[in-house]
Amino acid sequence: MSKRKLTKAVALLLSAVMATSMLAGCGGSNDQAKDGKTTLTMACWDSQQAPVMEKMGEAYTKENPNVEIDVQVTTWTEYWTKLEASVTGGTPADILWLNVLHIEEYVDAGILKDLTKVGEEISVQEHYPEALVDGYTVDGKLYAIPKDFDTNGIFYNKEIFDKAGVAYPTDGMTFDDFVAKCKELKEAGLDKGVYPTAINRNSGQTTYYSSVDANGGYLLSDDKTTSGWGETETIEAIRPWLQIVKDGLSPNLQQMSDTSPDAMFGAGKLAMYIAGNYMIPEFASTLDLKNIGVVQRPTFNGKNTDIINGLGYAVAEGTKHEEEAMKFVAWLGGEEAMKIQAEGGVVISARNDAQQLYLNAYPDMNLGIFLANLDQTKLFDFCKITSELSTIEKTYLDKAWTGEMELEEACKTIAQEEQPLLDKMNGK
């Protein structure tokens, strides 16, 4: 969603809010059901989490009988389109799922409530990972309560390894160890259509983002004024991931475009795949969990840097039930709600005292790796024009992945095209 579109949406939204306020002042509708209950809508995009969200809503309603929670689920792609439409139409959901990639963009557009007081009420600085709190903080104000987070590991298919006669990967592998394991698998001979791994160009979070940091490079400077894509340290941290594709240890870009690497692993076509813990339920829907192992993601330059990501609960500026929405969000960030979510086993609850409960969801899996490295995680680089920058990055990295352009040229072109946008964003 562009800033232009968002700005227009805000104007329409504020007009709608003012109109609603005037109607209420004249005895108009207050959007409450006839039985006097207030219905709060919560928009989300993950159908696997919907049952847990509904269970949390039921628990809250039990404690607050004058409130009903309506969980509205759409797909990831539809979510953002519908959000824009609802904001433009002045009818956004009261509670929104949000990720850090969109936080500055939406704050800049003025469609999120300031949750700083809610954060103070539930002591976010004490109860949540610092990186997540910082990710939802803009200009010293908190705009979302951390909901969950994910880190990354190497998932592997035991059956493929057993058939190839290759030893399973282990915790503590270096990047070179990972590549060597891929080559060993290829040399051992794999079934047609099966690959040692897949380097998902669309998921820098699981691949090169962390190595860029470990190599002393950057994608966006800390002050968000400079693109780092053209830096030698950045380019050389991406190169070995691309080399895996060039060496035939991974499907090529066209193959991964036709069938996503996520689906490939779920179909038993990849021996190893670096992914976030959030993929476990999806993998379990097609593979026997007894045949899936997971170990720590490989280190790079001796560093354990990993990219943390996650979701947060935000309150729409256009909510007609601000008091009730604020109260519900505070509850969602509390111990009871975070425990219910953790026991659902789909995601790791963001709250520190609920994280360990996630390990009980799949007791036979090495899930501790997803919690073992939190002090060495970082958020990926983002700003209010991340969507525009991502389009540029995809355009030229795709050319590098297909061999149409050399990696160095692609990365330097990205930097050249991003810099004017960053200058404009920073008022230069």
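Some points to look at:
- Modelled FRET efficiency - R0 30 Å, ASP114 with SER47, Cβ distances, 0.05 increments: 0.45
- Neighbourhood charge, 14 Å Cβ-Cβ cut-off, centred on ASP364 and excluding it, Lys, Arg +1 and Asp, Glu -1: +1
- Between GLY312, GLY193, GLY172, the Gaussian network model of the chain with springs among Cα atoms under 10 angstrom shows the greatest mean-square fluctuation at GLY193.
- Local net charge near LEU270, Cβ-Cβ under 13 Å (Lys/Arg +1, Asp/Glu -1): +1
- Overall form of segment 197-287 per C-alpha gyration tensor (a/c, 1.5; a/b vs b/c): prolate
- Solvent-accessible area per residue, Å², over the chain with all protein chains present [probe radius 1.4 Å]: 44 Å²
- Of the peptides 96-103, 247-254, the order by per-residue mean of other Cβ atoms within 10 Å, starting with the highest, comes out as 96-103, 247-254.
- Principal-axis tilt of helix 175-188 within the chain, Cα atoms, nearest 10 degrees: 60 degrees
- Candidates ASN66, ASN157, ASN277, ranked by Gaussian network fluctuation over the chain, Cα under 10 Å, top entry: ASN66
- Rounded percent of accessible protein surface that carbon and sulfur make up, segment 226-368, 1.4 Å probe: 43 percent
- Computed over segment 276-428: relative contact order in percent, which uses C-alpha pairs under 8 Å that are six or more apart: 21 percent
- Alpha-carbon Debye profile of the chain, log10 I(q)/I(0) at 0.07, 0.14 Å⁻¹: -0.37, -1.35
- For segment 92-152, alpha-carbon Rg over 2.2 N^0.38 Å: 1.08
- Relative contact order computed over segment 185-331 (Cα-Cα under 8 Å; 6+ residues apart), in percent: 27 percent
- Cross-link pairs LYS37/LYS117; LYS303/LYS327; LYS147/LYS399; LYS113/LYS399; LYS37/LYS339; LYS186/LYS399 - those with Cα-Cα distance over 31 Å: LYS303/LYS327; LYS147/LYS399; LYS113/LYS399
- Lysines with Cα under 25 Å of LYS424, excluding same-chain neighbours fewer than 8 positions away: LYS3, LYS5, LYS8, LYS141, LYS224, LYS384, LYS394, LYS412
- Of all DSSP bridge pairs formed entirely within the chain, close to 70 percent run antiparallel.
- Rounded, prolate or oblate (a/c below 1.5 giving rounded, otherwise prolate when a/b exceeds b/c) for segment 246-399 by Cα gyration tensor: oblate
- Database remark: amide H of ILE308 closer than 5 angstrom to the amide H of LYS378, LEU379, PHE380 (H placed geometrically; neighbours at sequence offset of 5 or more, or on other chains; Pro and chain starts carry no H).
- A cut-off under 12 angstrom between Cβ atoms defines the neighbours of ASP177, and their net charge, with Lys, Arg +1 and Asp, Glu -1, is 0.
- Contact order relative to length of segment 97-191, as percent, for alpha carbon pairs under 8 angstrom and 6 or more apart: 22 percent
The values are calculated or read from the model by the stated rules, or taken from the named source; none is laboratory data. Worth saying up front: this structure is predicted, and the values here are computed from it rather than measured. Neighbour counts are summed over all protein chains in view; Cβ atoms, including those assigned to glycine, are modelled from backbone coordinates with ideal geometry. Remember, those area values only see protein heavy atoms, side chains included, never the ligands or the DNA or RNA. Shrake-Rupley method; radii C 1.70, N 1.55, O 1.52, S 1.80 Å.
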